[in-house]
Amino acid sequence: MAHSRRALPLRDTPARYGRVTRLLHWTIAALILWQFLGMAIKLALGRGPVSGFFVGLHQPVGAVLFALIVLRVAWALLNRRRRPDHGAGLVGTAARLGHLALYALMLAVPSLALLRAWGSERAFQPFGVRIFAAREAPVEWAVKLADALHGELAWLLGVLILGHVVMVGVHHAMWRDGTLARMVGRAGRGRQPRSVAPPST
Ligand code: HEM
Ligand code: HEM
């Protein structure tokens, strides 16, 4: 069918997310899972060569994540009127609030850590690129704020992500409303939500 081979647009449409949103969504998802995997290994094994590898990459990967997340927020705002709609009901409202919470936490978690890096005595240079110079004395409030919140909010984000993935599974396997196909697969493959699907014959 010619329709199903139509190229996926760069920008979002009301039927599905476009290429840029998908690239950002899946790159950020993979890197965030990497961050959790590394920190879980550190907690499970303690300090050692294996966890050292992950711990050494945590700050540079986190800095890249921060930049990607800022781009994602800007792209979401630019596309906000053309994205798939989640509907007016309770499930739609829950999806909108859930996504808003994911955005808030995915911005807050690396921002707090970067604030601590800014306020720290040590220079911050991910992949050798100098971002913050060393200080004579730490900025206490910045360090304390991130010490208190970075890890805690990160685990909360992890719980929300689990809920998000479970809900995607429920949409896909139980409600079969084409939600997953808005974020993966070729154009034209997505099924319409039940409420607007043509009556089956
Ligand atoms: C979205 C990005 C990030 C995620 C999901 C994330 C996640 C986490 C998690 C789950 C922990 C373990 C907390 C615990 O031990 O209970 C942690 C710790 C840590 N993270 Fe991140 N992180 C991110 C970005 C960053 C960035 C950008 C930096 C530094 C610039 C950073 C620096 C640290 C440090 C120093 C620790 C150990 C101290 C602490 O728990 O606060 N992280 N992170
Ligand atoms: C393997 C893990 C993941 C799967 C299977 C998945 C799947 C999906 C799917 C199918 C959608 C479209 C839902 C809709 O239109 O209602 C979506 C949207 C979304 N996902 Fe995920 N996701 C995953 C991980 C993540 C992670 C790690 C984050 C961020 C922390 C995230 C944040 C979002 C947000 C905010 C949206 C709304 C669209 C947007 O603004 O980009 N997802 N996801």
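The values are calculated or read from the model by the stated rules, or taken from the named source; none is laboratory data. This structure is a prediction, so every number in the text was calculated from the model and none was measured. Note that we place each Cβ from the backbone using ideal geometry, even for glycine, and neighbour counts take in every protein chain shown.
Could you go through the stretch 122-129 and let me know if any residue there is more than 10 Å from ligand 1 (Cβ to nearest atom), modelled with pLDDT of 95 or more and among the polar types (S, T, N, Q). Yes, there is a match, as at least one residue in the stretch 122-129 is more than 10 Å from ligand 1 (Cβ to nearest atom), modelled with pLDDT of 95 or more and among the polar types (S, T, N, Q).
Kindly indicate the residue of the stretch 167-186 that is within 15 Å of residue 7 (Cα to Cα) and part of a helix (DSSP H, G or I) and also farthest from ligand 1 (Cβ to nearest atom) among those meeting that condition. Write out each step before concluding.
Going through the stretch 167-186, the residues within 15 Å of residue 7 (Cα to Cα) turn out to be 181-186.
With the extra rule that they be part of a helix (DSSP H, G or I), the set shrinks to 181-182.
Numbers: 181: 27, 182: 23 Å.
Restricting to residues being within 15 Å of residue 7 (Cα to Cα) and part of a helix (DSSP H, G or I), the top hit is 181.
Does the stretch 4-15 contain at least one residue that is in a helix (DSSP H, G or I) and at pLDDT below 95?
Taking the stretch 4-15 first, the residues in a helix (DSSP H, G or I) are 4-5.
So of that shortlist, the ones also at pLDDT below 95 come out as 4-5.
Yes, that holds for at least one residue.
Against the test of being among the hydrophobic types (A, V, I, L, M, F, W, C) and within 11 Å of ligand 2 (Cβ to nearest atom), the options 160, 153, 149, 145 yield a single qualifying residue, 160. Could you please let me know if residue 91 is assigned to a helix (DSSP H, G or I) and either in contact (Cβ under 8 Å) with a residue 60 or more places away in the chain or more than 12 Å from ligand 2 (Cβ to nearest atom) (or both)? So residue 91 does not fit the description; no.
Does the stretch 130-142 hold any residues that are among the charged types (D, E, K, R), within 14 Å of ligand 1 (Cβ to nearest atom) and either assigned to a helix (DSSP H, G or I) or in contact (Cβ under 8 Å) with a residue 12 or more places away in the chain (or both), and which are they?
First pass over the stretch 130-142, keeping only residues among the charged types (D, E, K, R): 130, 135-136, 140.
Filter once more, so that each one left must be within 14 Å of ligand 1 (Cβ to nearest atom): 130.
Matches in the stretch 130-142: none.
Among 134, 173, which is the only one that is out of contact with any Asp or Glu (no Cβ under 7 Å at 6 or more places or on another chain) and of a type in the set (Gly, Ala, Ser)? I'd like the intermediate steps shown before the answer.
On the way: 134 fails: out of contact with any Asp or Glu (no Cβ under 7 Å at 6 or more places or on another chain).
Checking each option against the conditions leaves just 173.
Residues considered: 145, 162. Of these, the only one that is within 16 Å of ligand 1 (Cβ to nearest atom), modelled with pLDDT of 95 or more and surrounded by fewer than 13 Cβ atoms within 10 Å (Cβ to Cβ) is 162.
For residue 80, the criteria (1) within 10 Å of ligand 2 (Cβ to nearest atom); (2) in contact (Cβ under 8 Å) with a residue 12 or more places away in the chain hold in every case but one, which is (2).
Within the stretch 98-130, work out how many residues are exposed (fewer than 13 other Cβ atoms within 10 Å of the Cβ) and more than 11 Å from ligand 2 (Cβ to nearest atom). First the steps, then the outcome.
Looking only at the stretch 98-130, we keep the residues that are exposed (fewer than 13 other Cβ atoms within 10 Å of the Cβ), and these are 100, 121-123, 127-130.
Okay, now just the ones that are also more than 11 Å from ligand 2 (Cβ to nearest atom), so 121-123, 127-130.
So the answer is 7.
Out of 64, 50, one residue alone is modelled with pLDDT under 95, assigned to a helix (DSSP H, G or I) and more than 14 Å from ligand 2 (Cβ to nearest atom). It is 50.
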